[in-house]
Amino acid sequence: MRITDARVVVSSPGRNYVTLVIETEDGVIGVGDATLNGRELAVASYLRDHVCPLLLGRDARRIEDTWHYLYKGAYWRRGPVTMTAIAAVDVALWDIKGRTAGMPVHQLLGGPARDGVLVYGHASGGTLDELCEDFQRHLGLGYRAVRVQAAVPGLEGTYGIPGERGAVYEPADGPRPREDLWETPLYLDFAPTVLARVREEFGYGTHVLHDVHHRLTPGEAGRLGAALEPYRPFWMEDPTPAEDQAAFRLIRRHTTTPLAVGEVFNSIWDCQQLITERLIDYIRTSVSHTGGITHLRRVFSLAELYGVRSGSHGAGDLSPVAMAAALHVDLTIPNFGIQEYMGHTGPVGEVFRTSYTFSDGYMHPGDAPGLGVEFDEEAAARYPYEPRHLPVNRRLDGTVHDW
Ligand code: GCO
Ligand code: MG
């Protein structure tokens, strides 16, 4: 089954998505998500200029071989751009394999190991009252797990809080990134009050999660983790920039709050120490940024050996194709933990028609052959690419800090 076409479509139905479309000689079409938020065109070029020409004439059925051909064949290893490009090819080939077999991808991966995929949504607020309103709204929608973020008083543009209610909280328009303000002591005093308030209002019947977004030192992270313990968070996410994997030994020494890390990782090598030393509880690598279904399953298999569970990244900057692929994997692995589901707003549904469902806090990828996503290229053409940036973070004295 030869590949006859491979093309990249960059569209912006509300936010930018890079979609790889692969076609075979018998007319089967598969799609993969190649979106790297804020660096979209770099992956589009990697695919268009370097990968798509190599795919023409290859056998679409040889997923494993193609993965190694692209990974080892590039000589230059890993990195978000390369691994997102490989992921898009890998996912599109799994889609094609499923469509050809007339089976949903989760059946090809061994079949369901559970009935549904537990997901968490995002509640946020400029104030704790607003956060509680949003938390209540999530409960009304059926969520059983909710991430909570609130604006730190005195810090304009705190991570995770949309400018307007209901708006996307990250991408900014304009020629330069938005600049947010940060000061660790203000955050460290405030963060425990956020969880305290949510537990006081809503009790302990819902999982509550919190994202630190890479901003603390290991010592500060240990202190925050300990302060959050009485509120029993499901996890504390990205407490420190985790390219320093050994730093987590220090955090672990000071708190039993579960730790989740990995949305910016792109290979198994980025989390090898975190997993094998049991320094984290949840690994957040995603299908689209960690080399596709083929490589992500390897990460999760390693994690399984060490009692680490999955908790894949699922922010709105990952397209519905990535969301569908994530759900197929989540449904099948033994060490599934939770899946992030921020949802997609605006005209995204015109471009990507999905068969996944949400009910009562759980999602299911559906039983359509392949991934269960129809990508409408004509609709995508109505929403051309718009340059956007992720914000930059500065401390009050002007020093650039991790965002
Ligand atoms: C999350 C993430 C996202 C990222 C975003 C960057 O936990 O969902 O932290 O919000 O910031 O995906 O592109
Ligand atoms: Mg995060």
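The values are calculated or read from the model by the stated rules, or taken from the named source; none is laboratory data. Just so we're clear, the structure is a prediction, and the values are computed from it rather than from any experiment. Cβ atoms come from the backbone with ideal geometry, glycine included; neighbour counts cover every protein chain shown.
Consider segment 286-315 and keep the residues that are of a type in the set (S, T, Y) and over 22 Å from G30 (Cβ atoms). The one that is surrounded by the most Cβ atoms within 10 Å (Cβ to Cβ) is S310. Which residue is farthest from P239 (Cα to Cα), if the candidates are limited to segment 208-227 and must be among the charged types (D, E, K, R) and more than 10 Å from ligand 2 (Cβ to nearest atom)? The residue in question is R223. Scanning segment 297-352 for residues that are away from ligand 1 (no atom under 14 Å from the Cβ), in contact (Cβ under 8 Å) with a residue 40 or more places away in the chain and of a type in the set (A, V, I, L, M) returns V321, A324, A325, L327, V329, L331, I333, V348, V351. Considering the conditions (1) within 16 Å of ligand 2 (Cβ to nearest atom); (2) without any contact (Cβ under 8 Å) to a residue 40 or more places away in the chain; (3) crowded, with 21+ Cβ neighbours inside 10 Å, E243 is excluded by exactly one of them, (3). So, G366, is that one more than 16 Å from ligand 1 (Cβ to nearest atom), farther than 20 Å from F234 by Cβ, part of a loop (DSSP other than H, G, I, E, B) and modelled with pLDDT of 95 or more or not? So G366 passes the test. When we screen D90, D115 for residues that are surrounded by 24 or more Cβ atoms within 10 Å (Cβ to Cβ) and among the charged types (D, E, K, R), the only hit is D90.
Condition check ((1) touching a Lys or Arg at 6+ places or on another chain (Cβ under 8 Å); (2) acidic (D, E); (3) more than 16 Å from ligand 2 (Cβ to nearest atom)) across all residues:
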| position | (1), (2), (3) |
| --- | --- |
| V117 | no, no, yes |
| H122 | yes, no, no |
| E133 | no, yes, yes |
| L141 | no, no, yes |
| V146 | no, no, no |
| G163 | no, no, yes |
| E183 | yes, yes, yes |
| G203 | no, no, yes |
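Of all residues in segment 137-151, those that are within 16 Å of ligand 1 (Cβ to nearest atom) and either of a type in the set (V, I, T) or out of contact with any strand residue (DSSP E or B) (no Cβ under 6 Å at 6 or more places or on another chain) (or both) total 3. Per the listing D115, D129, D134, D90, the residue uniquely away from ligand 1 (no atom under 16 Å from the Cβ), within 28 Å of S355 (Cα to Cα), in a helix (DSSP H, G or I) and acidic (D, E) is D90. The requirement of being away from ligand 1 (no atom under 14 Å from the Cβ), at pLDDT 95 or above, surrounded by fewer than 16 Cβ atoms within 10 Å (Cβ to Cβ) and more than 19 Å from V146 (Cα to Cα) is satisfied by Q272. Identify, please: which residue in segment 246-267 is within 16 Å of ligand 2 (Cβ to nearest atom) and part of a loop (DSSP other than H, G, I, E, B) and is, among those, surrounded by the fewest Cβ atoms within 10 Å (Cβ to Cβ)? Looking at the filtered set, the residue picked out is V264.
Kindly indicate whether any position in segment 75-93 is among the aromatic types (F, W, Y) and touching a residue at least 24 places away in the same chain (Cβ under 8 Å). No, that holds for no residue. Of everything listed in (1) at pLDDT 95 or above; (2) surrounded by 15 or more Cβ atoms within 10 Å (Cβ to Cβ); (3) within 27 Å of V146 (Cβ to Cβ), the single unmet condition for S359 is (2).
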